[in-house]
Amino acid sequence: MRVVIAEDQVLLREGLGRLFEDAGHEVIASLGDTDGLLPAIAGQHPDLIVLDIRMPPTFTDEGARAAREIKERHPELGVLLLSQHIETTHAVALVTLGGFGYLLKDRVLAVGEFLAAAERVAQGGSALDPKVVAGLVSGRGEDDLLAELTEREREVLELMAEGLTNAGIAKRLYLSERTVEAHVRHVLTKLDLPESEDGHRRVLAVLAHLSATQESVT
């Protein structure tokens, strides 16, 4: 996997580079801002772009805006946003494009899970931080369809949105795959979404629904 990293904090940028290289991946560019991202992409043909949301010069949403531009110009590239803050608006706007991930920076400490998420995004899948998904799922009115989900079904929905397969969800929640399959069917039924064998499309369908729900209550 060929990786471009854009992170203004030098220690984190170097640490990320070492993580990827130690795992056998190639870091082809390491940047402190978003200015050189597009030229690096055009000249190096990466598989994954890892970038901070808040970058110079204003430290607001430079990374998120760069991610949107990258996905518009190069929809085949995986883009993984990192942040210290939960900003669900950016997640909702980008996740329906596919090949997108949004993790809080402390997830990097779980090296194995972080690298697995990065590889999944590079392959066109999704990876959303559970706290980000929780922000999407919570805080809605009683009439919302999400209010019909049980606590366990919400847990399953959050893990679906992370990009986990039924087997992965079963392992995380210490359940049988058959039990997880039943929960997934219930979630999709209650959200009025068709079942699909394509896990990536399943995640996008669920998050597209959450996006529409969020817009309807804001």
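Taking the options His90, His85, His74, name whichever one is surrounded by fewer than 12 Cβ atoms within 10 Å (Cβ to Cβ) and either modelled with pLDDT under 95 or of a type in the set (Gly, Ala, Ser) (or both). Criteria check complete, one pass: His85.
Scanning segment 165-180 for residues that are without any contact (Cβ under 8 Å) to a residue 12 or more places away in the chain and assigned to a loop (DSSP other than H, G, I, E, B) yields Tyr174, Leu175, Ser176. Are any of the residues in segment 33-46 surrounded by 14 or more Cβ atoms within 10 Å (Cβ to Cβ), within 25 Å of Glu113 (Cβ to Cβ) and out of contact with any Gly (no Cβ under 6 Å at 6 or more places or on another chain)? Yes.
Pick out the one residue from Val187, Val203 that is at pLDDT below 80 and under 20 Å from Asp129 (Cβ atoms). Give the steps one after another, and end with the answer.
Details: Val187 fails: at pLDDT below 80.
From the options Val187, Val203, the qualifying one is Val203.
The values are calculated or read from the model by the stated rules, or taken from the named source; none is laboratory data. This one's a predicted model, so the numbers in the text were calculated from it and none came from an experiment. Heads up, the Cβs are rebuilt from the backbone with ideal geometry, glycines too, and the neighbour counts pull from every protein chain shown.
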